Amino acid sequence: MAQQAKFVGLDVGGTTMKSAVVTDDGRPLSAPVVMDTNPERGQDEGLETMCETIRRAVAAANLTMNDVAAIGVATPGLMDIKAGLILDPPNLKPWKNVPVREHVARCFGKPTAYQNDANAAAYGEFWVGAASEAKSMVLFTLGTGVGGGIIIDDAIIEGEHSHGGELGHMRIAMPDTGRQCGCGARGCLEAYASATNVVRRAREDMAHWRGAPSKLRDYYTANDDEFTAKVIFRHAAEGDELALKVVDDTAYYLALGASAVIATVDPEVIVFGGGMVAAGEWFRSKIDVYVKRFGLPFPTRSVKIAFASLGSDAGFIGAAGCARLLVQKKA
């Protein structure tokens, strides 16, 4: 019986990087190896840390590099995917114009795929996660910002300038009066629905709240430093009216973004990932109700709204999947 091909996936973040060997059917062969990124130490050390994380991942799977068919690397920030470069990543300063793909390929002598981290996470969910039965899907990642990825017929929509799927920067409000986004523009989805901005909206709502007494507001008053989106969602699940308003507004904004994507791409599945999806089915159903209200009638009757299933492993699994795609294209 022929052995399955094996691929290394590496997911690089601003704080840590994570890697594991993944089989041809999307199964990690070990727990991922995690190392500190330490971007402040410079890009040369960062590149070596990437290679060391990959080496340790291969060792953790009790393999050698001879057993690996290809490597996939996913990174955040501005990039040139075709050239294999991180250009000027906000979360990896002072890195600039870093030849990630070339360095990793030269270090190991293996075919190396390079991808945006949100695109890689989307591909992971498409390959073996929440959209594994679908032919097309869109992923919204909900964290400090709002990222995204679009997969159609096994192809990642990268865009001509490597910025396809930047779903957090769709405008859902007027560009002159909408909320300020970290990108500098106003009205972006990210300015309303990222975990960071869920907290900001909650603080603003507290200042004007005239409803029932709120345990969420009491918690905020006593624990401002620990006030997070997770806290808001927990209070909402317990029935706090103020928290429920914040969560309902979040579902509303996400549905506006999802409805725009449905009208543009008409995917089979829309997947939401990130910490907020821990809220579970009641939050998913809120998004679904609003999507059905806002979206084009015919496609929204059929589109499936799902939550991601791979958690924080989606990035390295998807990066490995991109390496697999690279080998398939060369075959």
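Scanning region 108-132 for residues that are hydroxyl-bearing (Ser, Thr, Tyr) and part of a loop (DSSP other than H, G, I, E, B) turns up just one, SER132.
When GLY159 is tested against the conditions (1) touching a residue at least 12 places away in the same chain (Cβ under 8 Å); (2) under 19 Å from ASP80 (Cα atoms); (3) not hydroxyl-bearing (Ser, Thr, Tyr), the lone failure is (1). Residue check: is ALA255 in the same structural domain as VAL138 (by TED's automatic domain parsing), of a type in the set (A, V, I, L, M) and touching a residue at least 24 places away in the same chain (Cβ under 8 Å)? Yes, satisfied. Here region 235-271 is the region considered, the condition is being over 13 Å from VAL199 (Cα atoms), charged (D, E, K, R) and assigned to a helix (DSSP H, G or I), and the residue that is nearest to the chain's Cα centre (by Cα) is ASP248. From the list ASP240, ASP224, the lone residue that is surrounded by 14 or more Cβ atoms within 10 Å (Cβ to Cβ) and assigned by TED's automatic domain parsing to the domain that holds GLY147 is ASP240. Selection within region 41-75: residues that are surrounded by fewer than 16 Cβ atoms within 10 Å (Cβ to Cβ) and either in a loop (DSSP other than H, G, I, E, B) or on the phi > 0 side of the Ramachandran plot (or both). The member of this set that is nearest to the chain's Cα centre (by Cα) is GLY42. Looking for something among the acidic types (Asp, Glu) and surrounded by 24 or more Cβ atoms within 10 Å (Cβ to Cβ) - is there at least one such residue anywhere in region 119-129? Yes, there is a match, as at least one residue in region 119-129 is among the acidic types (Asp, Glu) and surrounded by 24 or more Cβ atoms within 10 Å (Cβ to Cβ).
Comparison of ARG324, ARG284 shows that the only residue that is under 19 Å from GLU125 (Cβ atoms), in contact with a strand residue (DSSP E or B) (Cβ under 9 Å, 6 or more places away or on another chain) and in the same structural domain as VAL21 (by TED's automatic domain parsing) is ARG324. Candidates in region 1-35 are the residues that are within 15 Å of PRO76 (Cβ to Cβ) and out of contact with any Phe, Trp or Tyr (no Cβ under 8 Å at 6 or more places or on another chain); of these, the one that is surrounded by the most Cβ atoms within 10 Å (Cβ to Cβ) is VAL12.
Checked against the criteria, ASN38 counts as over 24 Å from VAL327 (Cα atoms), of a type in the set (S, T, N, Q), surrounded by fewer than 16 Cβ atoms within 10 Å (Cβ to Cβ) and touching a Ser or Thr at 6+ places or on another chain (Cβ under 9 Å).
The values are calculated or read from the model by the stated rules, or taken from the named source; none is laboratory data. All values derive from a computational prediction rather than experimental measurement. Cβ: placed from backbone, ideal geometry, glycine included. Neighbour counts: every protein chain shown.
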